[in-house]
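Report on the following structure.
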Amino acid sequence: MTVAEYNQTVDLHSDGLYRFLLKNVKDRDKAKDLVQDTYTKLWMKVEEVSFIKSKSYLFTTGYHTMIDMLRRERRQVDFTREEMHTAEKSSARQYSDVQDILQEALDRLPPVQRSVIMLRDYEGYSYEDIEKITGLNESQVKVYIYRGRVALKEYLVKAENVIG
């Protein structure tokens, strides 16, 4: 890949990569750092990665970089699900925006399910592309998407989650 092609990948894919990472990490600064790390890794392999495969490389590398960061953070902050669940119940919730409710439902999914749903439903990737990005096989991708959608549906149809 030439320098001009590298610069073109920044113009073409940085916004989509940023949106994908932001939806998963929910922190603008972390998402920006992940995008920068991903492009740094692409630059280090600029002679090995073809321009045609650059989008796939970026999303695959971005996904793995994000997972590594989440694992490091998980080791640093050890909250149990029960502590989080108790804190959520104690807070009063009032929702008027469907987007907020959907985001809360997505936040409750395990990271892998959330990522594959985001890649499929928000970014429009095919199962094959998601397979390449995440390193999962196609049947695993389909199972994670199915289970994630079922969990989203179960959360969204409960009246207490919609009317707080």
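A few comments on the model shown:
- Enumeration of residues in the stretch 105-138 that are of a type in the set (A, V, I, L, M) and in a helix (DSSP H, G or I): Ala105, Leu106, Val112, Val116, Ile117, Met118, Leu119, Ile130, Ile133
- A residue that is within 17 Å of Arg19 (Cα to Cα) and aromatic (Phe, Trp, Tyr) cannot be found anywhere in the stretch 126-135.
- Taking the stretch 118-151 as the range and being of a type outside the set (Phe, Trp, Tyr) and surrounded by 20 or more Cβ atoms within 10 Å (Cβ to Cβ) as the test, the residues that pass are Met118, Leu119, Arg120, Ile130, Ile133, Thr134, Val141, Gly148.
- Criterion (under 15 Å from the mean Cα position of the chain (by Cα), surrounded by 15 or more Cβ atoms within 10 Å (Cβ to Cβ) and among the basic types (Lys, Arg)) met by exactly one of Lys41, Lys23, Lys55: Lys23
- Any chance Val141 is part of a helix (DSSP H, G or I), closer than 18 Å to Phe59 by Cα and modelled with pLDDT of 85 or more: yes
The values are calculated or read from the model by the stated rules, or taken from the named source; none is laboratory data. Since the structure is predicted, the reported quantities are computational estimates derived from the model, not experimental observations. Ideal geometry is used to build each Cβ from the backbone, glycine not excepted, and the neighbour counts take in all protein chains shown.
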